[in-house]
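Below you'll find the structure, written out as structure tokens, and then a few comments.
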Amino acid sequence: MKGWYFIIDAEKCENCHNCFLACKDEHVNNDWTPITKPMAKKGRSWIEIKGRERGQYPFIDVCYLPVPCMHCDNAPCIRVAKNGAVYKRKDGIVIIDPSLSKEQKELVEACPYNAITWNEELKIPQKCTFCAHLLDEGWKTTRCVQACPTGALSIYYAEEAEIKEKAQTEGLQNYKANLNSKPRVFYKNLHLFTKNFLGGSLFTIRGGIEECLEADA
Amino acid sequence: MILKNIICRLARSERGAKLCLKFILWVLGTQLNYKARKYPRFKERLSEKDIIAQIKLRDNSYGRYYVIQKGKVFSKEGVNALADIVISFDNASIAVELLFPPKNYLAITNAMKSFQIRAEGPEHLSCWFMDLISYMEEVSTVYGTDLGRGVKRYTSNTNGGPVFVYVKEDKILRLTPIEFDKNDPEPWKIEARGKIFSPPKKTTVAPYTLTLKSMIYSPHRILYPMKRIDFDPNGERNIEKRGISEYVRISWDEALDIVANEIKRVKKTYGPGSILHGSGSHHLWGNLGYWLSARLRFFNNVGFTPVAHNPDSWEGWYWGAMHHYGQSMHLGAPETYGTVEDCLKNCDLVVFWSSDPEATNGVYGAFEGTIRRQWLKDLGVKMVFIDPFYNHTAALFRGKWIAPRPSTGNAMALAIAYVWITEGLYDKEYVEKNTYGFEEWENYILGKEDGIPKTPEWQEKETGVPAKDVRALARLWGTRKTYLAAGGLVGFGGACRDATGTEWARSMVCLMAMQGLGKPGVNFGGMQQGTPVDTSFYFPGYAEGGLSGDTANTALGVNLYVRMPQLPTVNTVYQLVPRLRIPEAIMKGKAEGYFTDAKTIEGQFRKFEYPAPGYAPVRMYYKYGGSHIGTMPESNRYVKMYRSENLEFVVNQSIWFEGETKFADIILPACTNFERWDISEFANCGGYIQHSFTQCNHRVIVMQHKCIEPLGESRSDFWIFAQLAQRLGFGLMYTEGISEFEWCKRLFEASDLPKVISWKDFLKRGYYVVPPPKEELRAPVSFRSFYEGRPKDTPEIAPLPADYSEEVFKGLQTQTGKIEFVCSSLKRFDPNDPERPVMTKYIPAWEGHHTEELYRKYPLFLITPHPRYSFHTMGDGKESWINDIKDHRVCINGYYYWIIRINPKDAEKRGIKNLDLVKVFNDRGSVICAAHVTERVPPGVVHSYEGSAVYDPVGVPGESPDRGGCVNILTPSRPIIKKSHSMAVNSCLVEVEKWEEP
Ligand code: SF4
Ligand code: SF4
């Protein structure tokens, strides 16, 4: 069965927050019931940009990792939810039902990716819906992907076998794969965020003067 | 049109004309009733007033009057002595020509200028009646795309890119970038190094554009006219309460009456010049409603002391670089035609020097340049980033980072020249042929003049950058075809705004001259500007003045005035106040400045003084928008100024209740451009950034639909000015009897659009993408003809013909026609100015590590570049979603604090941890910020953006710490050099300490 996946390139994300803002634009003050109710006016969006600085002045690297809901195939939130308040659609998208989930604050803690937010005003847990209301209307893309200027974000509609193969050939990885929740979000260049960074410059002393051997970090 | 020709021919004889007029005036009456029957909104308008309007010939030989009563019109032939208003024409043939559609605006303008058409009666009634007639077309207009289920998709434009606007039941659902469809043209293609590059068929948007919905519906919107509670124009004004007291809601009539009466009062009491007016330049977007259009038309007719702008984001380029190679029309920054293609094809290295286009989006350019820089990276072109801050462009493209101490970059530039000279790594032939004065500068570099060779070791003491790094950079650069991206757009922001900004920018030109500016692969730019779009298709930029009527202070006279004839407007007050000296002008009654005049190099040598001979001192301040406290240096001065008795009246016309707005006596609520009509193009400024749309991958011209009704009682600027104009006797002169919608149509007709799309289709689709030109017709590469010794061939009339020393188009704008290492213009103006010598030299910053006493007290260099997420103050504060971006502001105990970035070593010394609240201070004031502890700034440097829209003093305004984040409170107000009107906001010494909320 075909379903939706995110493919996110950590190398291309520049922390511009267009995705974050586009998600707010789509959801604050708009009610997309039954998919979701309006997002809280203030606070975080449903896609978060995690940042990591590696190294020390003057040799540093900065990497950003956009983190939406992982739409896990083995989703902890579905297991924790009462009255089937969280469910998976046929296309793989995980949805928190806005009425069934009322008062279920424990769902916020259930997500190991910290993707679920608590809407204090409406007393409901909320998260990225993969813009299901738009895809259902025939949109070809989600708001965050559409607004991303670098191509860091993309979505992909495929069979599980296809994405697995793609992951293999392109070196795509899940973030925190050890959690075994089977995320539907695949990252390119994840090592920039998870691994350490080595930087420096090589120089020699020639005629009493320091000379660089190579101008690159 | 054919019908009109026939009618006009018929109207040549007096009898024929009268017959036609009879018919036209009869139709007008029936049309008014028809529209009222068909459109409830028209009926509503019609029902606003009961009047008798007369249209007639001046000799009373023919006329028809319209009795408008209870939303119905009854019209009758004849002349009615009881008419409230009378519109009269000199003769019937003029009347026919002017009244029969389609309108001929040239004929109308001519008739108005020669008084062949007149209006009598109360201004507000004639304006109302004319507006009603203009509204007839607007009300029946179908616009936008119907998406079903009650959703309409409109278009609008912003200073961060054009957008689709989805609206349901008068509420904006969403804003998205524009995705083109099959009707839109195929984009350009560039073949370079075996690959083909072509941009995607869509537009990008800047973060502040995506936050607009939260700003349009912000709780900080001003929805009603307001009066400071303790301000009484006829009694106690309580000036000292400005910035402290609350406001009460008043009616539009009361607010407009107060403002109009104050205008009259100060003019009558003190004389011309007593009204000061200035604007922030970023009141959203649009050719008609923007600051250089509707605003100027109004103030020119009032007579005002304008606030003279400094070249704020260009400083060093304007006051420095220009003297070496001209480019005055670009404020001293280089032109960039054809550079995207040349860079892709030929360049091996890009040096980004104080350049962060990923943060500033060039200017107005959204993320159009990002993909092009990604192409460079894909091609393996090396990138080096020189900036005291590890900026966002550096972070994305991950090149070598070199961080000179702020305000010392020129030392590094001179050392690079030293390496090139001593190692023979520059283009001697080019220097010989295309430049002037090199030897003299060479002597200085080598130390023959002052005994100090400008070696990499010498610069290390100034910049802190190891000599070996500079030597390596010089060699890399000297042996590769290199583009220099100096500034975020090229020549914009950053180092040009510090105490050595003029000398730094000058060196940028000198370095490029040594490498052969204009040779294939050797030019200015970081792929931010210079796409191969069509530069010949005419659509004006906002600096072309729109409906301002002002050919002196906008670029209206260049193209638009002949295409869109309109009533000219002239400000008769020859008095100016330099923007950076407004506080001194008000409080001390004295100020001086130099002109920002882009016409010619020498334009900047002219000095002006306030007060001007024979003019009144300023007594009233009409402020448009509220940004100075966040964007101007040492801004506590501006706060104090508002509390000066010399300012008897302050009115602020603003959309939001921002930091500066609350110092007004009367606040007039303007609406956003989503609530009114306008028309514009993506990133097209025109004028001082000619062809700035070459930042974009596509030229996108946009109908800015009126997407929703104005919120509350807010109104368009045009409406507000028109209402005031009525009270000052020039209502009809202001609007020319037509609505904003009709002005849009008029501008559409003045452009090249009618050749390619009908008004109807344009209104419906909302945008037009100009097809790219054939490859052979693309603009040539800037400076290529100069390098090759041919006449200038890029598509711009800059420099002006008179500015060539020999033949027009031959050489550059300088006296020698060459790039001058020793500047003829400075030799003529002031050869002994120690602050701006005739050739660029290293002059230590007047606020920096050489000002020892100050440096001991305040050991941290604060740099305050253009912000990343907001556009100056636009998008900040106001409960905008941008506040929730953790790198813009941080929310601590429910309050959103501005951020200052500090190196871990400096933080540790001061006991500061990440996200601690800190007080940043110096002798000028103090600001409370949240600390980001980061390796992105070197030890000794702190980084905080300018542009806070929030000013929130914890105690007495102007004298207590600001929690809002206006770090410009700390920056020096001293000009870069005395003989300029400039700011050096990136040269600022501060100390930082932990702050506990009291
Ligand atoms: S897919 Fe939609 S809901 Fe999810 S983060 Fe993106 S914009 Fe938000
Ligand atoms: S829009 Fe794209 S580049 Fe910008 S923060 Fe989001 S993922 Fe990163």
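The values are calculated or read from the model by the stated rules, or taken from the named source; none is laboratory data. Just so it is clear, the model here is predicted, and its values are computed rather than measured. Cβ: placed from backbone, ideal geometry, glycine included. Neighbour counts: every protein chain shown. Note: areas computed on protein heavy atoms with side chains; ligands, DNA, RNA excluded. Shrake-Rupley method; radii C 1.70, N 1.55, O 1.52, S 1.80 Å.
With respect to the cross-link table entries B:K182/B:K764; B:K49/B:K264; A:K102/B:K213, which display a Cα-Cα separation exceeding 24 Å? Let's see the in-between values first.
Working: B:K182/B:K764 16 Å; B:K49/B:K264 27 Å; A:K102/B:K213 27 Å.
Correct reply: B:K49/B:K264; A:K102/B:K213.
Given the alpha-carbon gyration tensor of the stretch A:3-212, what are the semi-axes of its equivalent ellipsoid in whole angstrom, ordered largest first, with each equal to the square root of 5 times an eigenvalue?
Gyration-tensor ellipsoid for the stretch A:3-212: 37, 19, 16 Å.
To the nearest 0.05, what FRET efficiency results for B:K113 and B:A552 with a Förster distance of 25 Å applied to their C-beta separation?
E(calc), rounded to 0.05, equals 0.90.
Quick check: from the Cα gyration tensor, does the stretch A:132-172 come out rounded (a/c under 1.5), prolate or oblate? Show your work: numbers first, answer last.
Details: a/c = 4.40, a/b = 1.45, b/c = 3.03.
The shape class here is oblate.
When the chain is fully extended, how far beyond the present Cα-Cα distance does B:I2 get from B:V151, taking 0.36 nm per residue of separation?
Numbers: separation 149, 0.36 × 149 = 53.64 nm, distance 3.87 nm.
Full extension of this stretch gives 49.8 nm more.
Where the only charges are on Cβ atoms (+1 Lys, Arg; -1 Asp, Glu), what is the dipole of chain B about its Cα centre, to the nearest 20 debye?
Using Cβ point charges on Lys, Arg, Asp and Glu, chain B gives about 2280 debye.
Projecting each Cα onto the charge dipole of chain B (Lys/Arg +1, Asp/Glu -1 at the beta carbon, about the Cα centre), which of B:A413, B:L576, B:P466 comes out farthest on the positive side?
The one lying farthest along the dipole's positive direction is B:L576.
Can you work out ³J(HN,Hα) from phi for every residue in the stretch B:811-822, in order, using Karplus 6.51 cos²θ - 1.76 cosθ + 1.60 and θ = phi - 60°, giving whole Hz and x for Gly and Pro?
Computed from phi, the couplings for the stretch B:811-822 are x, 9, 7, 6, 4, 7, x, 10, 6, 9, 6, 10 Hz.
Taking θ as phi - 60°, what are the ³J(HN,Hα) couplings along the stretch B:545-551 by the Karplus curve (6.51, -1.76, 1.60), each to the nearest whole Hz, with x for Gly and Pro?
Calculated HN-Hα couplings, in order: x, x, 9, 5, x, 9, 8 Hz.
Suppose a student asked you for the relative contact order of chain B, using Cα pairs under 8 Å spaced at least 6 residues apart; what percent would you report?
Details: 2382 pairs, mean separation 162.2, N = 998.
Across chain B, relative contact order equals 16 percent.
Go through B:G278, B:Y39, A:L153 and say which Cα lies farthest out towards the positive end of the charge dipole of the protein assembly as shown; charges sit on Cβ, +1 for Lys and Arg, -1 for Asp and Glu.
B:Y39
Under 18 Å from the Cα of A:K90, which aspartates and glutamates turn up, not counting those fewer than eight places away in the same chain?
A:D73, A:D136, A:E137, A:E159, A:E160, A:E162
Let me know the mean shielding of A:19-31 by other chains, meaning the per-residue number of their Cβ atoms within 10 Å of its Cβ.
Counting other chains' Cβ atoms within 10 Å and averaging over A:19-31 gives 6.
Could you do me a favour and compute the accessible area per residue for chain B, 1.4 Å probe, result in Å²?
Accessible surface, normalised per residue, equals 33 Å².
Taking the Cα centre of each part, how many Å lie between the stretch A:144-217 and the stretch B:823-861?
Centre-to-centre distance over Cα atoms comes out at 45 Å.
Could you check how much of the accessible area of chain B is carbon and sulfur, as a whole percent, using a 1.4 Å probe?
Taking all protein chains in place, chain B shows 52 percent carbon and sulfur surface.
Among the lysines, which fall within straight-line cross-link reach of B:K382, defined as a Cα-Cα distance under 26 Å, with same-chain neighbours fewer than 8 residues apart omitted?
Within reach: A:K12, A:K188, A:K195, B:K189, B:K195, B:K345, B:K400, B:K428, B:K468, B:K481, B:K519.
If you take each beta carbon of peptide B:468-474 and count the beta carbons of other chains within 10 angstrom, what is the mean?
Average neighbour count from other chains, rounded to a whole number: 5.
Given H placed 1.01 Å from N in the peptide plane, which residues other than close sequence neighbours of B:Y897 have an amide H under 5 Å from its amide H?
Amide H to amide H, under 5 Å and 5 or more residues apart or across chains, B:Y897 pairs with B:V890, B:C891, B:I892.
What is the distance in Å between the Cα centres of the stretch B:18-62 and the stretch B:742-759?
Value for the Cα centre distance between the two parts: 27 Å.
Hey, can you list the residues from the stretch B:882-903 whose accessible area shrinks by 20 Å² or more with all protein chains present, relative to the chain by itself (probe 1.4 Å, no ligands or nucleic acids)?
So the qualifying set is B:D884, B:I885, B:K886, B:D887, B:Y896.
Got a sec? Charge dipole of the protein assembly as shown, +1 on Cβ for Lys and Arg, -1 for Asp and Glu; which of B:I976, A:A40, B:G530 is way out at the positive end?
Of the candidates, A:A40 comes out farthest on the positive side.
From the P(r) of chain B, could you give the percentage of C-alpha pairs in the tail past 46 Å?
More than 46 Å apart: 30 percent of the Cα pairs in chain B.
Evaluate peptide A:53-66: per residue, the Cβ atoms of other protein chains within 10 Å of its Cβ; return the mean as an integer.
Taking all residues of A:53-66 together, the mean is 5.
Is the shape of the stretch B:633-728 best called rounded, prolate or oblate, per the rule: a/c under 1.5 gives rounded, else a/b larger than b/c gives prolate, else oblate, with a ≥ b ≥ c the square roots of the Cα gyration tensor eigenvalues?
oblate
Return an integer: the convex hull volume of the alpha-carbon atoms of the protein assembly as shown, in Å³ per residue. Please report the intermediate quantities before stating the final value.
Working: hull volume 223.6 nm³, N = 1215.
Here the figure is 184 Å³ per residue.
Ignoring everything except DSSP H segments at least 4 long, calculate the 222 nm mean residue ellipticity for chain B; use -39,500 (n - 2.57) per segment, divide by total residues, nearest 500.
It lands at -8000 deg cm²/dmol.
Find how many whole Å separate the alpha carbon centroid of the stretch B:321-368 from the alpha carbon centroid of the stretch B:954-998.
So the two Cα centres are separated by 30 Å.
Step through the residues of the stretch B:226-243 one at a time and calculate ³J(HN,Hα) from phi using the Karplus curve (6.51 cos²θ - 1.76 cosθ + 1.60, θ = phi - 60°), rounding each to whole Hz and writing x for Gly and Pro.
Here the 3J(HN,Hα) series is 9, 10, 4, 4, 10, 9, 10, x, 9, x, 6, 9, 6, 4, 5, 8, 4, x Hz.
Name the residues of the stretch A:140-157 whose accessible area falls by at least 30 Å² when all protein chains are present instead of the chain alone, probe 1.4 Å?
Buried on complex formation: A:R143, A:Q146, A:P149, A:T150.
In debye, nearest 20, what is the charge dipole magnitude of the stretch A:3-212 about its Cα centre with +1 on Lys and Arg Cβ and -1 on Asp and Glu Cβ, if you could check? Kindly include the intermediate steps, with their values, before the conclusion.
Details: 28 positive and 26 negative charges, 97 e Å.
Approximately 460 debye in magnitude.
Roughly what % of DSSP beta bridges within chain B run antiparallel, to the nearest 5?
Bridges in chain B are about 60 percent antiparallel.
Students often check this: by mean Cβ neighbours within 10 Å, which of B:285-293, B:551-559, B:606-614, B:879-887 ranks highest, and how do the rest follow?
B:285-293, B:879-887, B:551-559, B:606-614
Return the FRET efficiency for the residue pair A:K102, A:K50: r is the Cβ-Cβ distance, R0 is 41 Å, and the value is rounded to the nearest 0.05.
For A:K102 and A:K50, the calculated efficiency is 0.90.
Just grab the label-to-label distance for B:K857 and B:C891, each label 7 Å out from Cα along the Cβ direction, in nm (one decimal).
In this crude label model, B:K857 to B:C891 measures out at 3.9 nm.
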